[in-house]
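K.L.:
Quick one: the structure is below, and I'll ask about it shortly.
The values are calculated or read from the model by the stated rules, or taken from the named source; none is laboratory data. None of these values were measured; they are calculated from a predicted model. Ideal geometry is used to build each Cβ from the backbone, glycine not excepted, and the neighbour counts take in all protein chains shown. Note: areas computed on protein heavy atoms with side chains; ligands, DNA, RNA excluded. Shrake-Rupley method; radii C 1.70, N 1.55, O 1.52, S 1.80 Å.
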Amino acid sequence: MKTLASVVAVGAVTPVGLSAPETAFSHRAAAAAMREAPLVDGEGEPITMCFLPNLDLRTTGADRAFLLGRRALEEALRALGPAAARLRAGFALCLDDVFAERGAEGLPAGQTFARDLGRSVSGMLPDIASVEVTARGSASAAFMVPRLCDALASGAIEVAVLGGVHTDYDPGRIAALVAADRLFRPDNLDALIPGEAAAFVVLMRPDTVRRHQLRTRAEIHAAATAHEKARPDNDESAFQAAGLTAALRTVLTPLGPEGLRSGWMLTDLTFEVFRHFELQAATVRTQRFYCEPQAVESPAQRLGHLGAASMPLHLVLAAEGFCRGFAPHPIAVSIAGSDTGERGALLISAPGPEAAS
């Protein structure tokens, strides 16, 4: 299969791990992060949430997201090593749609957030040629990957730093979930558990990886996006699954000519039932691309809702699983869906024999 980009470094911070290896091993061990949070629901009762207890519990919203993002970004750049300071970089950040709103400077809040985050690591990544932001929620990374791969292929940049940051630890966000009846409670299981996370991956062309004598941790072969009618705020049938089916067929098609199959799927599913119905319909229609056993993992069911960090975290988990020998299969599919109907999918594999040597 053609490789669009190689993953050479990763970083992550989640409620079960302060680094990518900690998160990957904890996820592999089925660690769960649900606990009572200091935030309250509409009736003044404490909520169940997955959050980092070692961050100041008085820090919320964008300020908290910044702390999460900086920690994960610094880990990824440290893993890249001295090459980070020598390469022309593209910085791409995936955020939730709330960051699309205009901030005090007249710019979208996401642009200001990404600029400040990039500046915070300027000593590690001094040559940032471009900064891009996609505030499309959970599926954001699927929209960003093709653009980054095109920039790498054209030589506009030599390395791409792709990440996602998300936090539900904010009174306004909890109030919105309560108003939409999407907050998990014992009497409301068709909902999501709030969460927070940040994840970053460093991408290069395979020839650049070899030239700098770096190690490939995973390979990205395809990316696709589509739009789904079913959303949390409507009653469209999730079983139509036209958008997710189209995205999956696009990314899985490269497997066919080589007789390959995927045995690992990473999803952003929480406990909202309509997304499970959608996945069931889409996987039935694309069943010929999968092999037994079919491992389906949904980190958000133990780490809380991951929002725009979903797909970057899938890339981190895949890279760690491939390199440390506990991936259930060498070919993985990442899928995610935003509240506004966007759907995204990525095809990922373990490094080939040449890259792994």
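K.L.:
Against the condition open to solvent by less than 60 Å² (accessible area, probe 1.4 Å), within 30 Å of Glu45 (Cβ to Cβ), outside any loop (DSSP other than H, G, I, E, B) and modelled with pLDDT of 95 or more, how does Ile174 come out, does it pass?
P.N.:
yes
K.L.:
Kindly provide the set of residues from segment 1-29 that are in a strand (DSSP E or B) and either over 22 Å from Arg70 (Cα atoms) or touching a residue at least 24 places away in the same chain (Cβ under 8 Å) (or both), ordered by number.
P.N.:
Ala5, Ser6, Val7, Val8, Ala9, Val10, Gly11, Ala12, Val13, Thr14
K.L.:
Still on this structure: Given the condition assigned by the TED database to the domain that holds Pro312 and either open to solvent by 40 Å² or more (accessible area, probe 1.4 Å) or not in a strand (DSSP E or B) (or both), answer yes or no: does some residue in segment 198-207 qualify?
P.N.:
Checked segment 198-207: no residue is assigned by the TED database to the domain that holds Pro312 and either open to solvent by 40 Å² or more (accessible area, probe 1.4 Å) or not in a strand (DSSP E or B) (or both).
K.L.:
Here is a further query. Can you name the residue in segment 211-249 that is in a helix (DSSP H, G or I) and more than 22 Å from Leu347 (Cβ to Cβ) and, of all such residues, is farthest from the chain's Cα centre (by Cα)?
P.N.:
Arg211
K.L.:
Would you check which residues across segment 229-283 are in contact (Cβ under 8 Å) with a residue 12 or more places away in the chain and acidic (Asp, Glu) and list them?
P.N.:
Asp233, Glu258, Asp268, Glu272, Glu278
K.L.:
Of all residues in segment 20-42 being over 30 Å from Phe322 (Cβ atoms) and open to solvent by less than 40 Å² (accessible area, probe 1.4 Å), which is farthest from the chain's Cα centre (by Cα)?
P.N.:
Checking each candidate, the answer is Asp41.
K.L.:
Restricting to segment 81-95, give me the number of residues that are aliphatic (A, V, I, L, M) and more than 19 Å from the chain's Cα centre (by Cα).
P.N.:
Adding up the residues that qualify gives 5.
K.L.:
If I ask for residues that are among the aliphatic types (A, V, I, L, M) and either over 23 Å from Arg215 (Cα atoms) or at pLDDT below 95 (or both), which ones from segment 1-34 would you list?
P.N.:
Within segment 1-34, Met1, Val16, Ala29, Ala30, Ala31, Ala32, Ala33, Met34 qualify.
K.L.:
What are the residues in segment 259-294 that are part of a helix (DSSP H, G or I) and aromatic (Phe, Trp, Tyr), if any?
P.N.:
Phe274, Phe277, Phe289
K.L.:
Quick check on segment 43-74: of everything there that is of a type in the set (D, E, K, R) and not in a loop (DSSP other than H, G, I, E, B), which residue is surrounded by the fewest Cβ atoms within 10 Å (Cβ to Cβ)?
P.N.:
The extreme case among them is Asp63.
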